[in-house]
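Please read the structure below before turning to the comments.
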Amino acid sequence: MEKQLGKILIIDDDEDVLLAAKMLLKKHAKEVLIEKNPKKIPFLLNNDTYDLILLDMNFSKDITSGKEGFYWLEQILDKDPQAVVILITAFGDVEMAVKALKAGATDFVLKPWQNEKLIATLNSAAKLKESYKEVTQLKQTSKQLQEDSNLAFKNIIGESNAIKDVFKIIDKVAATDANVLILGENGTGKELIARAIHQKSLRKEKVFIGVDMGAITETLFESELFGHKKGAFTDAKEDRAGRFEIANNGTLFLDEIGNLSLPLQSKLLTALQKREVTRIGSNKAMPIDIRLICATNMPIYDMVAENTFRQDLVYRVNTVEIHLPPLRDRLSDIPLLANHFLKLYNQKYRKNVSKISAATIKKLQQYSWPGNIRELQHALERAIIMTDNETLEPDDFFFLSQKPDSGSTMETDSYNLDEVEKTVIQRAVNKHNGNISKAAKELGLTRASLYRRLEKYGL
């Protein structure tokens, strides 16, 4: 079943045509407005917006040439360059149809029309209008990202030597088109780094498209990344562009690339090597021009050694590597980060917590932060919500467990299985200084299983 059409404006000097069209289209459209006098077009466009406009080419002054229709088409497009206008005439021919399309019309129909054909034409035009809106939204999003990037690294908080080294690499690599692989633990801010590279690159005016590879199933991989044609599979109700196609001329960020299975790695590698993609259900390859940035929190080189990740794919995506330091290696940044989150959540929750005590900062710097900046953010959010004081004190962070000695026994007052599991996982990660592979091995879990539990408990 076709999606209901939006608001349609029909302009024709023949009242019988107007009434017939309205009777037909009101069953398929949200609203149908009719107008006999084309001189009212400027007024109509100034006071409302329309999803589709049906415009007669010939009015009473000029019966057959179509000059009036072309004049009003020009006036409409001057007012709204993305207006979807379908011209109608009883005296059309191929030459006039071509001229109408060149002048900016979306389509061209002849009177008397076939009802089914007219509805099909309007449905196709409506999809084009939706595409216009999507493109406009993407451009606005890209523009906003560019405006937000006027201050270099404004969203990346830190002055430690470790983070300054990252800034230096970004400055060197951003203006090139080199592929970048960002390595770092969960919660270290890999997407922020990817956005910073894009915002300082020559493609900053174009789109930044991020894809969480860990969230894409095997069956949807090709559809999500490469797109599909209508009817290519059961749920393919319409043509759809993939993420590669949408990101063309911009930046494509593939997050959690280490979660891809070997067959999916092979498909990705093929697309990157050929620099082209083919939609499912199509035989036509489309060239792509993207800046590729990938990220993973997994030990990618250990995976290569274990034959669970393709070495040639690593070579393809890591022209330049950026290693993000864990929070425990940049403890001097904790006061800056904590005060940033203090300001953020004071505003969000309408609280009046004015400062963080020196003793609290010391406690925060003594904690190992296995969940890195994300865990610090959640800790500040929780403390601000729960406190009744104007200053955050160490007791406001009672829920932060200290790093145990490797030989210490587990103690917990709770018999809740989730709480016990969270405690065990946190201590295993602490014991191995955030090394996920070693922690997973000690816990008897796969790396993927441990990642899911870390995400579940916000660690």
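The values are calculated or read from the model by the stated rules, or taken from the named source; none is laboratory data. Predicted model, so just to flag it, every value in this text is computed and none were measured. Cβ: placed from backbone, ideal geometry, glycine included. Neighbour counts: every protein chain shown. Each accessible area value is taken on the protein alone, full model and side chains, heavy atoms only, with ligands, DNA and RNA left out. Shrake-Rupley method; radii C 1.70, N 1.55, O 1.52, S 1.80 Å.
Remarks
- Only Lys, Arg, Asp and Glu carry charge here, each on its Cβ (+1 for the first two, -1 for the last two); on that basis the chain has a dipole of about 580 debye about its Cα centre.
- Counting only aspartates and glutamates at least 8 places from Lys172 when in the same chain, those with an alpha carbon closer than 15 Å to its own are Glu321.
- Here's how it looks for Arg291: its modeled amide H is under 5 Å from those of Gly250, Thr251, Leu252, which are all 5 or more places away or on a different chain.
- Rh by Kirkwood over Cα pairs, then Stokes-Einstein D for the range 175-273 at 0.692 mPa s and 37 °C, µm²/s: 223
- Efficiency of FRET from Cβ geometry, Glu390 and Asn123, R₀ 56 Å, rounded to 0.05: 0.40
- Karplus (6.51, -1.76, 1.60) ³J(HN,Hα), θ = phi - 60°, over the range 48-53, in Hz, Gly and Pro reported as x: 7, 10, 10, 6, 9, 10
- Links that overshoot a 27 Å alpha carbon limit, given the list Lys230/Lys274; Lys164/Lys363; Lys7/Lys284; Lys200/Lys267: Lys7/Lys284; Lys200/Lys267
- Under Karplus coefficients 6.51, -1.76 and 1.60, residue-wise ³J(HN,Hα) of the range 200-214 in Hz, glycine/proline x: 9, 9, 6, 9, 4, 7, 9, 7, 10, 10, x, 10, 7, 5, x
- Measuring spread by the Cα atoms of the range 150-226 yields a radius of gyration and Dmax of 14.4, 44 Å.
- Our coupling estimate for the range 241-248, obtained by passing each phi through the Karplus curve with A = 6.51, B = -1.76, C = 1.60 and θ = phi - 60°, is 7, x, 5, 4, 5, 5, 7, 3 Hz, Gly and Pro reported as x.
- In terms of overall dimensions, the range 262-317 has a Cα radius of gyration and Dmax of 13.1, 38 angstrom.
- Surface analysis of the chain yields an accessible area of 54 Å² per residue, using protein heavy atoms and a 1.4 Å probe.
- Under 23 Å from Lys99, Cα to Cα: lysines that are on another chain or at least 8 residues apart: Lys39, Lys61, Lys67, Lys79, Lys111, Lys117, Lys127, Lys129
- Rounded to the nearest 20 debye, the dipole size of the range 192-343 about its Cα centre is 580 debye, using +1 on the Cβ of Lys and Arg and -1 on the Cβ of Asp and Glu.
- Convex hull of Cα atoms in the range 238-292, direction-averaged projection (nm²): 4.3
- Cα lying deepest toward the dipole's positive end in the chain, options Leu337, Ala247, Ser282, charges on Cβ: Leu337
- Other residues lying with their Cβ under 11 Å from the Cβ of Gly231 contribute a combined charge of 0, Lys and Arg counting +1, Asp and Glu -1.
- Other-chain or far-sequence residues with amide H under 5 Å of Thr278's (modelled H): Met286
- Taking a straight Cα-Cα cut-off under 18 Å and skipping sequence neighbours fewer than 8 places away in the same chain, the aspartates and glutamates within cross-link reach of Lys22 are Asp12, Asp13, Asp14, Glu31, Glu35, Asp51, Asp56, Glu116.
- Carbon/sulfur fraction of accessible area - the chain, other protein chains in place, 1.4 Å, %: 50
- For the pair Ser160 and Glu321 in one chain, pulling the backbone fully straight at 0.36 nm per residue adds 56.0 nm over the alpha carbon distance.
- Over the range 207-255, volume per residue of the alpha carbon convex hull, in Å³: 66
- Across q = 0.10, 0.11, 0.19, 0.20 Å⁻¹, the range 227-350 modelled as identical point scatterers on its alpha-carbon atoms has Debye log10 I(q)/I(0) values of -0.51, -0.59, -1.06, -1.12, in the order of the q list.
- Equivalent ellipsoid dimensions for the chain as semi-axes, Å, which come from the Cα gyration tensor, largest first: 56, 27, 21
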